[in-house]
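Peer 1: Sharing a structure with you now.
Readers should treat all values here as calculations from the given coordinates under stated rules, not as data from a laboratory. The structure presented is a predicted model; accordingly, all values stated were derived computationally and were not measured. Using ideal geometry, Cβ is built from the backbone for each residue, glycine included, and neighbour counts are taken over all protein chains shown.
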Amino acid sequence: MQEPIIEIKDLVVRFGTRTVLDGINLTIFKGESLAILGKSGCGKSTLLRHIIGLSTPTRGKILIKGKDITTVNEEEKITILKKIGMLFQSSALFNSMTVGDNVALPLREHTELEERIINIMVNMKLESVGLSGFSNLRPAQLSGGMKKRAALARALAMDPEILFCDEPSAGLDPVVAAGIDNLILNLKKAFKMTIVAVTHELASVEIIADRIAMMHDGKILMTGTIDELKESAHPVMRQFFNREPDDEEVDKEKFLTTLTYEG
Ligand SMILES: Nc1ncnc2c1ncn2[C@@H]1O[C@H](COP(=O)(O)OP(=O)(O)O)[C@@H](O)[C@H]1O
Ligand SMILES: [Mg+2]
């Protein structure tokens, strides 16, 4: 029997009159790696922000290990969040601090560990993401892929049970992107975490995910393995897997510029 670790029930999020999440129902199981796949702008980051309690929904429940993050008090929320790591799309590293201090931040904030122990732990985390020896650099001195690795080390600082990743490999070149995706997969195996990654990239899903939830128009359209989704006759699944463009996404000016440059 699979044990649920997160249960999202009838989650609705409106911004003004605009409904971004329109009744999301989704169960995430302990130890799985779930990819939430959907087009840019479909509400993936909004969903993650609500799961980690950064925003309060219009309606609905989000149970994390049985506790509703939308209604718990601040103290309980902090307890829940200590078990959660978040890799933000922008990496969200503090540029004024060294890489090592960025990774140490959650440990300094949430534990009473001695500085000596914190240093050992920081070095272990940096080692596990392939960044040992980079502790004293500033984020600005790192490449895009290395910044992601540093942000991942920080997300892992507290040995989370659940790791959320927002577009972990977006904006990186394909080889570096695959490196990050593989790293996440290996860390998942090593630390036995539950992984929830939101992405619009199929290549990423193919590496990371045991199971996929396809998001569209603020709803979860279908969940299943990549093969199950590929076999679906649903037009959204067809469009995604066949990489068909949206009509409205053809940007006329960009198109004309391309024509000019390519002669
Ligand atoms: N705080 C906010 N206020 C108003 N609109 C928002 C807010 N956050 C997100 N949105 C809108 O919600 C939609 C979904 O955004 P987002 O969750 O970032 O999509 P995705 O991560 O899938 O690309 C977008 O149209 C975005 O403009
Ligand atoms: Mg996003």
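Peer 1: Under 5 Å between amide H atoms, partner at least 5 residues away or on a different chain: which partners does ARG211 have, H built in plane at 1.01 Å?
Peer 2: The list, which skips near neighbours in sequence, is SER33, ALA35.
Peer 1: Ok, one more. In nm, to one decimal, how far is the LEU185 label point from the GLU76 one, both placed 7 Å along Cα→Cβ?
Peer 2: Here the modelled spin labels are 3.8 nm apart.
Peer 1: Run the simple label-point estimate for GLU244 and LYS230 please: 7 Å along Cα→C-beta, distance reported in nm.
Peer 2: Placing both labels 7 Å beyond Cα along the Cβ direction yields 1.9 nm.
Peer 1: With a Cα-only, solvent-free Debye model of the stretch 92-159, what are the log10 I(q)/I(0) values at q = 0.16 Å⁻¹?
Peer 2: Results for the stretch 92-159 at q = 0.16 Å⁻¹ read -0.43.
Peer 1: Among the helices of the chain (complete DSSP H runs), which have Cα atoms covering no less than 24 Å along the helix axis and a Kyte-Doolittle mean of at least -1.0?
Peer 2: Details: long enough: 174-191 (25 Å, 0.93).
Once both thresholds are applied, what remains is 174-191.
Peer 1: Separate question: Do any GluC sites (Glu not before Pro) in the stretch 96-202 lie in a DSSP loop with no more than 11 other beta carbon atoms within 10 Å, and if so, which? Mind dumping the intermediate values first?
Peer 2: Numbers: sites: GLU109, GLU112, GLU114, GLU115, GLU127, GLU161, GLU201; in loops: GLU112, GLU114, GLU161, GLU201.
Here the GluC sites (Glu not before Pro) that fit, given the DSSP loop and packing criteria, are GLU112, GLU114.
Peer 1: Multiply the residue separation of LYS67 and PHE94 by 0.36 nm, subtract the distance between their alpha-carbon atoms, and state the gained length in nm to one decimal.
Peer 2: 6.7 nm
Peer 1: Give me the number: length gained by fully extending LYS30 to GLU3, i.e. 0.36 nm times residue separation minus the C-alpha to C-alpha distance, one decimal in nm.
Peer 2: On the way: separation 27, 0.36 × 27 = 9.72 nm, distance 0.56 nm.
Full extension of this stretch gives 9.2 nm more.
Peer 1: Can you return the lysines within cross-link range of LYS192? Criterion is Cα-Cα under 20 Å, with same-chain partners fewer than 8 residues away left out.
Peer 2: Once the sequence-local lysines are set aside, what remains near LYS192 is LYS30, LYS65, LYS82, LYS83, LYS125.
Peer 1: Could you calculate the contour length gain from LYS192 to ARG14, that is, 0.36 nm times the residue separation minus the distance between their Cα atoms, to one decimal place in nm?
Peer 2: Numbers: separation 178, 0.36 × 178 = 64.08 nm, distance 3.48 nm.
Going from the current span to full extension adds 60.6 nm.
Peer 1: Computed FRET efficiency, Cβ-Cβ of SER132 and LEU54, R0 35 Å: what is it to the nearest 0.05?
Peer 2: Working: r = 31 Å, r/R0 = 0.89.
E(calc), rounded to 0.05, equals 0.65.
Peer 1: If exposed means no more than 13 neighbouring beta carbons inside 10 Å and the site is in a DSSP loop, what's the longest run of the chain without any exposed trypsin sites (Lys or Arg not before Pro)? Please report the intermediate quantities before stating the final value.
Peer 2: Values: sites that count: LYS192, ARG243.
Here the longest segment lacking exposed loop sites spans 1-191.
Peer 1: Follow-up. May I ask you to list the residues of the stretch 18-60 whose amide nitrogen lies under 13 Å from a point 7 Å from Cα along the Cα→beta-carbon direction of LYS219?
Peer 2: The answer is 21-25, whose backbone nitrogens lie closer than 13 Å to the label point.
Peer 1: Around LEU87, which amide H atoms from residues at least 5 apart in sequence, or from another chain, sit under 5 Å from its own amide H, with H modelled in the peptide plane?
Peer 2: Close amide H contacts, sequence-distant or interchain: PHE164, CYS165, ASP166.
Peer 1: Further question: What whole-number volume per residue, in cubic angstrom, does the convex hull of the C-alpha atoms of the chain give? Can you show the working numbers first?
Peer 2: Working: hull volume 43.5 nm³, N = 263.
Normalising the Cα hull of the chain by residue number yields 165 Å³.
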